[in-house]
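The values are calculated or read from the model by the stated rules, or taken from the named source; none is laboratory data. It should be emphasised that the depicted structure is a prediction, and the values quoted were computed from it without experimental measurement. Here the Cβ positions follow ideal geometry from the backbone for every residue, glycine too, while neighbour counts run over all protein chains shown.
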Amino acid sequence: MPFTGMGAHAQKPDTVKVGCYFLSLHDFNFREKEFTARFWMWMVYDNPEIDFADGVEIPNAKNVNFDATVVDSLGKNKWVQLKITSVIKQNWSVNDYPFDKQKLSVVIENSAYDSRTVVFVADTTGQHYDPDFVIAGWTITRFHVSEGTSHYSTGFGDTSLKKPESEYSKIIVEIDIERNAWGLFFKIFLGMYVSFAIAYISLWIDPEMAESRFALPVGGLFTAVGNKYIIDSYLPESSAFTMVDILHGLTFVMIFTIVFISVLALRYRTRQDLIHGKRVNKLLRNFIGICYVVVNAVVVLTAIYM
């Protein structure tokens with residue numbers, strides 16, 4: 001990382017105005033915990049001895065490419081512009097997936113100058129992103145640029161420091177996005193709902209046809225498990241119990257309950273107690289259907305509005 005920079009630190013640090021303009025956010029990869037950002041960044045300052053053409057870094061990035069560098073003057077000030085493409089590390093929040101809201105963050109520092117030498121000030125004038133660029137499937141709800149300080153519990157080899165600690169000024173870009181999720185929701189959960197429907201239909205079959213009554217729920221269970229594996233292959237590993245886990249877990253339990261009802265109906269049939277058997281089958285069938293719909297609605301609405 002950084003070296004602590006230029007000579008005499010007793011003097012007041014230089015102020016550098018830093019701004020950015022985002023061109024695109026794309027390649028959201030939940031499994032690899034990353035996304036790609038393309039943006040222009042500029043720095044305006046009055047100390048000609050400072051050179052920002054090199055040393056700019058993004059601490060939370062996997063890699064950074066400088067596509068263009070422009071060095072110019074703006075009156076008496078030096079003006080440096082950088083066009084950057086960077087793959088940013090991101091801890092995705094998937095608890096409410098696909099009704100998830102994400103907070104993206106891009107942190108910009110300069111490794112050549114610590115906060116005793118340079119202090120960043122955010123340029124908040126104008127737009128910070130192209131109003132015409134659209135993140136497919138997402139809506140930008142907040143875009144905020146601010147300045148801050150990064151603290152490191154090391155001096156990076158600088159023996160002039162009283163304590164082995166250092167601080168670097170930084171610019172923080174925070175982007176809140178919200179997924180437009182209904183299309184994706186039905187796309188990824190359709191298989192699960194079809195599997196439940198296949199199992200649920202078996203409750204209308206006469207208990208005498210035991211093979212059909214048991215074959216349909218088992219087929220539905222395999223379909224639901226397969227659907228779960230497909231969704232999990234896209235999402236990052238998480239110790240939290242997500243909405244995807246809850247809805248699939250509910251489906252597994254309901255299909256198992258359907259199998260139990262079929263076993264119960266078959267026992268009534270073998271005892272020649274057809275009237276009670278049909279009554280219990282109908283009662284539990286209605287309960288399963290209502291319970292599945294209500295719990296699904298509660299879980300989904302909670303994910304959307306809570």
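Any residue at all in region 221-244 that is surrounded by fewer than 19 Cβ atoms within 10 Å (Cβ to Cβ) and over 30 Å from Asn29 (Cα atoms)?
no
If we only count strands (runs of 3 or more DSSP E) wholly inside region 25-134, which ones have 3 or more residues that are out of contact with any Cys (no Cβ under 8 Å at 6 or more places or on another chain) and of a type in the set (S, T, N, Q)?
Result: 61-74, 77-89, 101-110.
Out of all the residues in region 115-127, is one or more touching a Gly at 6+ places or on another chain (Cβ under 7 Å), at pLDDT below 90 and either surrounded by 13 or more Cβ atoms within 10 Å (Cβ to Cβ) or of a type in the set (Val, Ile, Thr) (or both)?
Yes, there is a match, as at least one residue in region 115-127 is touching a Gly at 6+ places or on another chain (Cβ under 7 Å), at pLDDT below 90 and either surrounded by 13 or more Cβ atoms within 10 Å (Cβ to Cβ) or of a type in the set (Val, Ile, Thr) (or both).
Going residue by residue through region 175-191, is there one that turns out to be crowded, with 19+ Cβ neighbours inside 10 Å, among the β-branched types (Val, Ile, Thr) and not in a loop (DSSP other than H, G, I, E, B)?
So far as region 175-191 goes, yes, one or more of its residues are crowded, with 19+ Cβ neighbours inside 10 Å, among the β-branched types (Val, Ile, Thr) and not in a loop (DSSP other than H, G, I, E, B).
Do you know which residues across region 47-68 are at pLDDT 90 or above, surrounded by 13 or more Cβ atoms within 10 Å (Cβ to Cβ) and farther than 30 Å from Glu237 by Cβ?
Across region 47-68, the qualifying residue is only Phe66.
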